[in-house]
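Comments concern the structure below.
The values are calculated or read from the model by the stated rules, or taken from the named source; none is laboratory data. This is a predicted model, so every value here is computed, not measured. Cβ atoms come from the backbone with ideal geometry, glycine included; neighbour counts cover every protein chain shown. We work out accessible area using only protein heavy atoms, side chains counted, and drop any ligands, DNA or RNA first. Shrake-Rupley method; radii C 1.70, N 1.55, O 1.52, S 1.80 Å.
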Amino acid sequence: RATMKSLRFISAEAFVSNAEFARKSLGSVAHNLFPLLFKASYLLEQGEVIHDLVENWPLVDFNMGKLLGTTVDYQEDLSHRTCSVCLESCLTGLRDYVLNHPSPYVKRLKVVDLTGIKDVEVQFCECKKTMGRWARTQLLSKLCLELLGYLQQTQCNPRTSEINIDVLIDLFVTERNYELVVQALLKKFYCPLKICCVAFRTDNLALQKFFYIIKLTDPSLLRKLEIVHNVRLEMEHLEILFNSIHFPLLMSLTLPARTFNVRRFTATDERMLTNIGVKMGEMTQLTELSMSFSILTGRIQKLLSPLKTPLKMLDVSNCSLNHADMAYLANSFHATHLEALDLSGHNIPDLYPSAFFKLLSHCSSVLRSLTLEDCNIQDTHINMLILGLSPCQKLQEFKFLGNPLSSRALKHLFTFLCELPMLKNVEFPVPRDCYPIDITYPIDDASLCRFDHQKYESIAEELNLILLQANREDVKASTPLFGSYDAAVQETNNELGAYLIKSFKETIEKFTA
């Protein structure tokens, strides 16, 4: 559907479409028109114009999320376009803002905010080349070091050294870009462009390196910390992290798989877990917590009860929760605030159906995202599930892959889902009747694709028809067999793959030795 453009925006597009003319004329453009011209240039992927707009930016702040988001002149949100041409032009323009401006004393720019850029699966930019979070981290670090080198080698205007611009960014560090980012952070004090890390994600990094770089990021500013794949952080390391570093503004925390394993707990481990809970309680801004693939049986209360702020997002998928854990969640003060909940990998119908539905009832007025993958939800449970979901009128996303449901049950469920007014995204399982009769759940990776694809396509068409007949074309229904899209994993999958092969090789060598 085409988005309406104001006459001002159409004029801006016409102006920037002739790059040579636009670049020559920028000196006579009113300062308040720069944001309008920037969005028009971004839409048309006019890299040279974008570079010159940023190089001559006349305003105090440059906020990518606001500049590309919904505006009066053009309501379409372009912040999910991570176009390589546009983003590289932005960052090199920023470097040249420091170097090339003819009169440094009129420079007003103080804050550049790159955190509003959203990495998504489908790109609409013409060039089809994206610059993800890892590449943005790499390029900004490289430009900061280049800028420093240039300033040291040449005789610049002394006023250049007085320029201090805070560049807010979500850093993404792996083994491959670690050294570069460390150098940029170490020399931050001397560089006119000050990297300010608002969110930090790390994959595929040695623990010692993680502890070193996290201190360089200035943890007092950090709002989001994601320690995800191939970082061997265990509970004792987490306690050291929380004891040695304070995160006063931290709102979101993601821990890697197997951080906790209560099956081999000692009295010391119990004390450690209590201390971690207390330390998280001191993080008064913390509202999002992800601890998937840890073994937390019977310990959820110990970990979450010290929190002073109710959680809005909780991911405890595949954490071997027992009835006491689910009962605590259902009765805790977090329950009425949960907007996103992931309980995947738990046999909910057999283990704690009443506690789960109590939890669902308590969070129903605010719940936006619910994930129940591999939860052994069968045809006999569908009516109860519909009853539980009925009050969830704000639900936007429902994911329930890996459950043994027939095509008939799915049709019944989809008919109900049409009634949820805010629903936008549904991830449903391959119907059980598409698999061989002897299939067992949860389905292993080897058997996941061994289903009747033609039959699946036919059923998927019927399910989409149910949505269509209810005028719910706005709902996207899909079956991503190997899980939802993860922009960070997509961007660094070659490095992650190489790391896994190396680890496997080392394990085999140790075994044969």
*Relative to a virtual label point 7 Å from the Cα of Arg271 in the Cα→beta-carbon direction, which members of segment 224-239 show backbone nitrogen distances below 17 Å?*
235-239
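Compute the FRET efficiency between Cys449 and Asn18 as 1/(1 + (r/R0)^6), taking r as their Cβ-Cβ distance and R0 = 35 Å, and round to the nearest 0.05.
Numbers: r = 51 Å, r/R0 = 1.46.
So, using R0 = 35 Å, E works out to roughly 0.10.
Carbon-plus-sulfur fraction of the accessible area of the chain, 1.4 Å probe, in percent? All intermediate terms of the calculation are to be shown ahead of the outcome.
Values: 13200 of 24450 Å².
Answer for the chain is 54 percent, counting heavy atoms of protein chains only.
With +1 on each Lys and Arg Cβ and -1 on each Asp and Glu Cβ, how big is the dipole of segment 338-482 about its Cα centre, in debye rounded to the nearest 20? Write down the numbers at each step before the final one.
Working: 12 positive and 19 negative charges, 88 e Å.
For this selection, approximately 420 debye.
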*At a Förster distance of 25 Å, what's the computed FRET efficiency of Thr512 paired with Leu481, Cβ-Cβ distance as r, to 0.05?*
0.15
*For segment 179-244 and segment 81-143, compute the distance between their C-alpha centroids and round to whole Å.*
22 Å
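With +1 on the Cβ of every Lys and Arg and -1 on the Cβ of every Asp and Glu, and nothing else charged, how large is the dipole of segment 297-361 about its Cα centre, in debye rounded to the nearest 20? List each step's numbers first, then the result.
Working: 5 positive and 5 negative charges, 56 e Å.
Dipole size: approximately 260 debye.
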_Where labels lie 7 Å past Cα in the beta-carbon direction, separation of Ser305 and Leu351 in nm_ = 2.0 nm
*Any chance you could look up the accessible area of Lys302 with a 1.4 Å probe, heavy atoms only, rounded to 10 Å²?*
80 Å²
_Arg23 accessible area, assembled protein chains, probe 1.4 Å, Å²_ = 100 Å²
*How much accessible area per residue does segment 238-336 have, in Å², with a 1.4 Å probe?*
40 Å²
*Estimated inter-spin distance, His80 and Val489, nm [label 7 Å along Cα→Cβ]*: 2.0 nm
*If each of Glu282 and Val106 carries a label point 7 Å out from its Cα toward its Cβ, how far apart are those two points in nm?*
5.0 nm
*Between segment 45-67 and segment 287-349, what's the alpha-carbon centroid distance in Å?*
43 Å
_Tell me which GluC sites (Glu not before Pro) from segment 232-261 have a DSSP coil assignment and no more than 13 other beta carbons within 10 Å of their own._
none
*Dipole magnitude of segment 7-131 about its Cα centre, charges +1 at Lys/Arg Cβ and -1 at Asp/Glu Cβ only, in debye to the nearest 20?*
340 debye
*Please name whichever of Leu307, Leu216, Ser292 sits farthest to the positive end of the charge dipole of the chain, dipole taken about the Cα centre and charges placed at Cβ: Lys and Arg +1, Asp and Glu -1.*
Leu216
*Match the structure shown to one of the listed values [x] -0.45, -0.81, -0.90; [y] -0.42, -0.88, -1.03; [z] -0.35, -0.78, -0.94 of log10 I(q)/I(0) by the Debye sum over Cα atoms at q = 0.06, 0.09, 0.10 Å⁻¹, computed from it, and give that label.*
[z]
_Separation between Cα centres of segment 16-39 and segment 426-476, rounded to whole Å_ = 50 Å
*Could you give the length gained on full extension between Arg258 and Asn425, defined as 0.36 nm per residue of separation minus the Cα-Cα distance, in nm?*
57.2 nm
*Report the FRET efficiency, 1/(1 + (r/R0)^6), for Glu461 and Tyr150, where r is their Cβ-Cβ distance and R0 is 45 Å, rounded to 0.05.*
0.15
*asked:* For the chain, take the longest principal axis of its alpha carbons; what is the angle in degrees between that and the long axis of helix 133-153, to the nearest 10 within 0 to 90?
replied: 30 degrees
*In units of 2.2 N^0.38 Å, what is the alpha-carbon radius of gyration of segment 338-482?*
1.00
*Dipole of segment 7-131 [Lys/Arg +1, Asp/Glu -1 at C-beta], most positive-end residue of Ser79, Cys127, Val49*: Val49
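Please work out how much length the chain gains when fully extended from Arg232 to Lys411, using 0.36 nm per residue of separation minus the C-alpha to C-alpha distance, in nm with one decimal.
Values: separation 179, 0.36 × 179 = 64.44 nm, distance 4.29 nm.
Length gained between Arg232 and Lys411: 60.1 nm.
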